[in-house]
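Quick notes on the structure that follows.
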Amino acid sequence: MANPQLLHSSKEILLALLTRHPDQQRLTADEIDTRVRAFVIIMVTLIFGFITIALLYSVTFVTQPMKAMAPIDQAYTKMLNDIVLLIVGGIGGILTKGITTEASNMITAAKNNTAAYTPPPPPPPAPVVMMAPSWSPPPAPMNQPTLEPDHERERMAQARAEAHNA
């Protein structure tokens, strides 16, 4: 039989945890929503992490057949893959809920209060660049091109061939 003193003290501990001090203010709806979302995100992320670790352990450290994965491991991996996809989608939905709500509130406020919204000024016109009406090529060179001596060109060609073959 349980000790009545122990039951009494556990009941007092539970009541102390559940009751608030009179000087503490009550939580607002936004604060409650934030705390609930944070708790859900943390729990779902922990489940996601556990599943990922279990999947990696089962595939990595458990002996598999030589050519393929064991049929039961294939089924297990497929099931965990579906669960992980569901959890990741849930986490994404929970995380984006606040953002979409805030965005829809901003859009509604902009529609209701059109005087508060001022559109940005139009961009300045692009500068107009005029091409010269006619283009003429530069004059042809008057002198013959200067080339290296033949022995120098042969030495450079040989060096290129050696570098190409190396």
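The values are calculated or read from the model by the stated rules, or taken from the named source; none is laboratory data. Worth saying up front: this structure is predicted, and the values here are computed from it rather than measured.
A quick yes/no check of all residues on (1) closer than 22 Å to Val84 by Cα; (2) at pLDDT 80 or above; (3) assigned to a helix (DSSP H, G or I):
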{"position": "Leu27", "(1), (2), (3)": "no, no, no"}
{"position": "Val36", "(1), (2), (3)": "yes, yes, yes"}
{"position": "Met43", "(1), (2), (3)": "yes, yes, yes"}
{"position": "Leu55", "(1), (2), (3)": "yes, no, yes"}
{"position": "Val59", "(1), (2), (3)": "yes, no, yes"}
{"position": "Pro65", "(1), (2), (3)": "no, no, no"}
task = Output the number of the condition that Gly92 fails; it satisfies all remaining conditions of (1) of a type outside the set (A, V, I, L, M); (2) within 30 Å of Ile47 (Cα to Cα); (3) at pLDDT 85 or above.
result = (3)
task = State all residues of segment 1-20 that are at pLDDT 65 or above and assigned to a loop (DSSP other than H, G, I, E, B); if no residue qualifies, say none.
result = Thr19
